[in-house]
Amino acid sequence: MPRPIEALVHVSALAHNLGRARAAAPDARVWAVVKANAYGHGIERAFAGLRGADGFALLDLAEAERLRALDWRGPILLLEGCFEPRDLELCSRLQLWHVVHCEEQIGWLAAHKTQQPHRVFLKMNSGMNRLGFMPAAFRSAWVRLNALPQVDEISLMTHFSDADGPRGVDHQLSAFAAATHDLPGERSLSNSAATLRHGLNNDWVRAGIMAYGSAPDFPSHDIHHWGLQPAMTLRSRLIATQQLQPGDTVGYGSSYTAQQAQRIGIVACGYADGYPRHAGSDTPVLVDGVRTGTVGRVSMDMLAVDLTPVPQAGVGSKVTLWGHGPAVDGAPSLLAIDDVAHAAGTIGYELMCAVAPRVPIRSAE
Ligand SMILES: *Cc1c(COP(=O)(O)O)cnc(C)c1O
């Protein structure tokens, strides 16, 4: 029998969450952002739930090929554009739209031989200082691109650094608006946080994390507030129990010491499965649908959980690391990935992307 750990991808939740993006930006078209293998969910599995999107945004060319192999004929946007000149050949062949964020990419386009002019998204660095042309250089980049026979339509794009936090988007929005107000073309500005929190009106919103059922601004708001459903469950089982006496310690480094008699369970899940090793004691977890916490350090293949709230639990009991758990007294149980991430000092994004290849993953309702 394989180890009992597995990940489930909830296809109907993906579709539901995409609907939330549409409701939050009713006049926009929606890019489903599926970079990083659809935030760890798998492009093919995610596609089943997100095929109602207007387009798919990602950055790995091999992932774009996988989408075309699924027979997706609609728009695909490369969020970082091309990495080297010959990537443009794949863009021509697969009709990929691509971001242009630097001078070099304009030069590659100018030298590219193609029958089919490309649709490009010209990116502005409006304050994030990662990719894009500075506002003062934006117009001249647009003029050069616009003069190229290799270029068809030019859309305008930027990315927010603080859409999820107190600084907000206004400072970047005004830099973008000032430098682009008289340029034609569709606009793409908003990630999940900007879409949900700021309700920005632009032509193409880029919905990533919200599609997967994690709140972009947790703990300010949670998935219930935004009406999102978890798209991934990571679950396993207890493979042992231990009865601790006061003073007994648990795991490597003896970081946890029992204060009183305490029963714990050992779960087949560790950092080699993608569970965060940084999670200290009392990171939330469900056992048979009942919320409890971890005890001691996470090791490679195992972690320990407090069984005080679930005295009936034993070997084989169901453990939910995040997502949907078994019903308790007829009521469904749920542990949001954001709760786990927050306790472990990280974000839902990192946890879902980190589920390890050794964890079997499959689609579920
Ligand atoms: C990843 C990414 C997004 C999606 O962001 P979320 O916070 O996951 O919604 C949008 N735009 C760009 C450029 C990205 O790289």
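The values are calculated or read from the model by the stated rules, or taken from the named source; none is laboratory data. Predicted model, so just to flag it, every value in this text is computed and none were measured. Every residue, glycine among them, receives a Cβ derived from its backbone with ideal geometry; neighbour counts consider all protein chains shown.
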Checking the condition closer than 27 Å to D182 by Cα, assigned to a strand (DSSP E or B) and either within 14 Å of the ligand (Cβ to nearest atom) or out of contact with any helix residue (DSSP H, G or I) (no Cβ under 8 Å at 6 or more places or on another chain) (or both), which residue from L77, L131 passes? L77
Kindly list, by first and then second residue, each pair from a residue in the stretch 158-182 that is modelled with pLDDT of 95 or more to a residue that is away from the ligand (no atom under 16 Å from the Cβ), limited to pairs with Cβ atoms under 8 Å and residues at least 6 apart or on different chains. A175/P135; F176/P135; A178/P135; A179/P135; A179/A136; A179/F138; A179/R139; T180/F138
H221 versus (1) within 16 Å of the ligand (Cβ to nearest atom); (2) over 26 Å from S333 (Cα atoms): which is the lone unmet condition? (2)
Tell me which residues, restricted to the stretch 328-365, are in a strand (DSSP E or B) and exposed (fewer than 14 other Cβ atoms within 10 Å of the Cβ). A331, P332, R362
Does any residue of the stretch 100-108 turn out to be assigned to a helix (DSSP H, G or I), more than 23 Å from D182 (Cβ to Cβ) and within 16 Å of the ligand (Cβ to nearest atom)? yes
Is it true that A38 is part of a strand (DSSP E or B), within 12 Å of the ligand (Cβ to nearest atom) and under 25 Å from L234 (Cβ atoms)? no
Please determine whether any residue of the stretch 165-173 is more than 22 Å from A207 (Cβ to Cβ) and in a helix (DSSP H, G or I). yes
Hey, G208 in contact (Cβ under 8 Å) with a residue 40 or more places away in the chain, closer than 30 Å to R29 by Cβ and either buried (at least 22 other Cβ atoms within 10 Å of the Cβ) or of a type in the set (D, E) (or both) or not: yes
Could you please find all residues in the stretch 128-186 being more than 30 Å from D338 (Cα to Cα) and of a type in the set (V, I, T)? V143, V151, I154, T180
Verdict on R45 being under 21 Å from the mean Cα position of the chain (by Cα), in a helix (DSSP H, G or I) and farther than 18 Å from R206 by Cβ: yes
If I ask for residues that are under 26 Å from the mean Cα position of the chain (by Cα) and either assigned to a strand (DSSP E or B) or at pLDDT below 95 (or both), which ones from the stretch 242-277 would you list? V267
Filtering the stretch 143-164 down to residues that are part of a loop (DSSP other than H, G, I, E, B) and surrounded by 15 or more Cβ atoms within 10 Å (Cβ to Cβ) yields L148, Q150, H159, F160, S161, D162, A163, D164
Of the residues in the stretch 61-74 that are farther than 24 Å from L131 by Cβ and in a helix (DSSP H, G or I), the one that is farthest from the ligand (Cβ to nearest atom) is A69
Of everything in the stretch 174-193, what is in a helix (DSSP H, G or I) and surrounded by fewer than 15 Cβ atoms within 10 Å (Cβ to Cβ)? Give them in sequence order. S174, A177, A178
Criterion (touching a residue at least 60 places away in the same chain (Cβ under 8 Å) and either under 21 Å from A62 (Cα atoms) or of a type outside the set (F, W, Y) (or both)) met by exactly one of F121, F83: F121
